[in-house]
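Scroll down for the structure; my scribbles are underneath it.
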Amino acid sequence: MSRIKIDLSRMLCPMPVIKTQNQVNRMLSGQELEITCTDPGALNDIPVWARINGHQILAANQTDDEVIITLKVGG
Amino acid sequence: MRSLSVEQLNLINSMANKHKAIALISGGLDSMLAVKVIQEQGIEVEGINFYTGFCVEGHTHAIRNQDKEKQKRNNALWVAEQLGIKLHIVDVIEEYKDVLINPKHGYGANMNPCLDCKIFMVNKAVDWIEEHHAQGFDFIITGEVIGQRPMSQLKAKMPIIAKQSGANDRLVRPLSAKNLEQTLPEREGWIVREKLYGFTGRSRKPQIELAKQFGFDDFATPAGGCCFLTDKSYSDKLTDLWQAKNAKEYELDDIMLLKVGRHVRPKANFKLIIARDSGECKFLEGYRKEFISIRALSHKGPMALVDGDIDEGDYDLAASIVARFGQGKFADEVELDINIPEQPSLQISTAPFANENMLQEWYL
Ligand code: SF4
């Protein structure tokens, strides 16, 4: 299954969540999305957004300047 | 001919009777309670949250050091999770400009166009329902309480919001419904009016009491409103921005920068945005490609952006002001770097600006 990557660096919450949501809405169930952002708040917000909207978080990692989250689009 | 079983018929009936509502979620307690009250009546609810660029959510906690320790959470998402509902976050930054710049009903105590803002948001929810008609939303709910806020929540304003948004009798305010006219969902029996509430006034007690009954704790109770426009100091900076631009206009970066740093305008043609801590320094550094920036070299000191059309003749003034906010403030001379996008940077040595010469009105 294909994986799409988006770079949301420098955007402040909730913009990374909004962009993630809009991207996911264009994808098919089962596809994977890798999101890179720099607002540490995204480490909390994107997984919450995914949980309540039925998508699965595959990985969420934070380095000094980046947050990288991978999710799988739900049905 | 195949006939349906009783179970199947019941299922079809219950599906036909199942009504759905979309709720405006701000992240505060009132909208949270409004949803719960409606959920208790067996209605399926989804949430919608509009991002205008001025929302209190997010942002500054990602920027300032002192807020780093606080749990970083987006209250709208948190509320949705507590309620077990989906949440759609809609970017309305562009469309909101017209609401803020030309509010038909004017501003509140500060630059908050609350009445126009409410009409706009409920109208966007009406549009949402239409765009997603396949999902079958029947009505809209908000956490509005009569008399809670001076401008938009007066009893006389409630019908204005319903009418001008185009929601009409499909707009339900569960917390104040008993003091308002019957709405379509009540008339049709989708929801029971007696189980709605009749809260009025500024007291938060009834809401806190209801929150207890529902077992909610740890909810957010923002002091002013749901956005920065109710904040005096923020509004003053916005007014200054418009004066300086000679036009009521803004971009997202402009309004983000109003939340960051100390803003000092020593001359009409430029202002300085001076970081207050290392978090803000890092944030402002992200703008070095778009703005002229100044930072001390000989001493530790904050990052500062220059916003406006600064003349070369003003570099010394700008640099000396930035110097006085760093550790070189008592030094005879401070060396500073002036970084100009797409040009060689300049180094300037200057005496820090004397404290007694800093005019109070320069601080925005
Ligand atoms: S406080 Fe801000 S977001 Fe809330 S109604 Fe007023 S203008 Fe709109």
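Scanning the range B:223-269 for residues that are polar (S, T, N, Q) and surrounded by fewer than 20 Cβ atoms within 10 Å (Cβ to Cβ) turns up B:Ser233, B:Ser235, B:Thr239, B:Gln243, B:Asn246, B:Asn269.
Taken across the range B:140-153, residues that are free of Cβ contacts under 8 Å to residues at least 40 places away in the same chain and of a type in the set (A, V, I, L, M, F, W, C) do not occur at all. Pairs linking a residue in the range B:34-56 that is within 13 Å of chain A (Cβ to nearest Cβ) and open to solvent by 10 Å² or more (accessible area, probe 1.4 Å) to a residue that is away from the ligand (no atom under 15 Å from the Cβ) and among the hydroxyl-bearing types (Ser, Thr, Tyr), with Cβ atoms under 9 Å and 6 or more positions apart or on different chains, do not occur.
Quick check on the range B:303-348: of everything there that is among the polar types (S, T, N, Q) and in contact (Cβ under 8 Å) with a residue 24 or more places away in the chain, which residue is nearest to B:Val264 (Cα to Cα)?
Going through the qualifying residues, I end up with B:Ser320.
Based on this model, can you work out whether B:Leu272 counts as open to solvent by less than 20 Å² (accessible area, probe 1.4 Å), in contact with a Ser or Thr (Cβ under 7 Å, 6 or more places away or on another chain) and part of a strand (DSSP E or B)? Judged against the criteria, B:Leu272 is not a match. Taken together, the residues in the range B:151-172 that are within 11 Å of the ligand (Cβ to nearest atom) and either not in a helix (DSSP H, G or I) or not assigned by TED's automatic domain parsing to the domain that holds B:Ser203 (or both) amount to 3. Please work out if B:Asp138 is away from the ligand (no atom under 16 Å from the Cβ), open to solvent by 40 Å² or more (accessible area, probe 1.4 Å) and out of contact with any Ser or Thr (no Cβ under 9 Å at 6 or more places or on another chain). Against the criterion (away from the ligand (no atom under 16 Å from the Cβ), open to solvent by 40 Å² or more (accessible area, probe 1.4 Å) and out of contact with any Ser or Thr (no Cβ under 9 Å at 6 or more places or on another chain)), B:Asp138 does not qualify. Consider B:Glu94 against the criteria (1) under 21 Å from B:Lys248 (Cβ atoms); (2) within 14 Å of chain A (Cβ to nearest Cβ); (3) touching a Pro at 6+ places or on another chain (Cβ under 8 Å); (4) not aliphatic (A, V, I, L, M): it satisfies all of them except one. Which criterion is unmet? All conditions are met except number (3). The condition (being open to solvent by 90 Å² or more (accessible area, probe 1.4 Å) and closer than 30 Å to B:Ser235 by Cβ) is satisfied by just one residue among B:Lys289, B:Lys300: B:Lys289. Pairs, please: C-beta under 6 Å, at least 6 apart or cross-chain, first residue open to solvent by less than 30 Å² (accessible area, probe 1.4 Å) and in the range B:109-123, second among the hydrophobic types (A, V, I, L, M, F, W, C) and in a loop (DSSP other than H, G, I, E, B)? These pairs meet every condition: B:Leu115/B:Met151; B:Val122/B:Ala167. Scanning the range A:1-57 for residues that are away from every other protein chain (no Cβ under 11 Å), in a helix (DSSP H, G or I) and under 23 Å from B:Gly286 (Cβ atoms) turns up just one, A:Gln23.
The values are calculated or read from the model by the stated rules, or taken from the named source; none is laboratory data. Keep in mind the model is a prediction, meaning the values are calculated, not measured. Using ideal geometry, Cβ is built from the backbone for each residue, glycine included, and neighbour counts are taken over all protein chains shown. The protein model used for the area step is the full one, side chains on, heavy atoms only, and it has no ligands, DNA or RNA in it. Shrake-Rupley method; radii C 1.70, N 1.55, O 1.52, S 1.80 Å.
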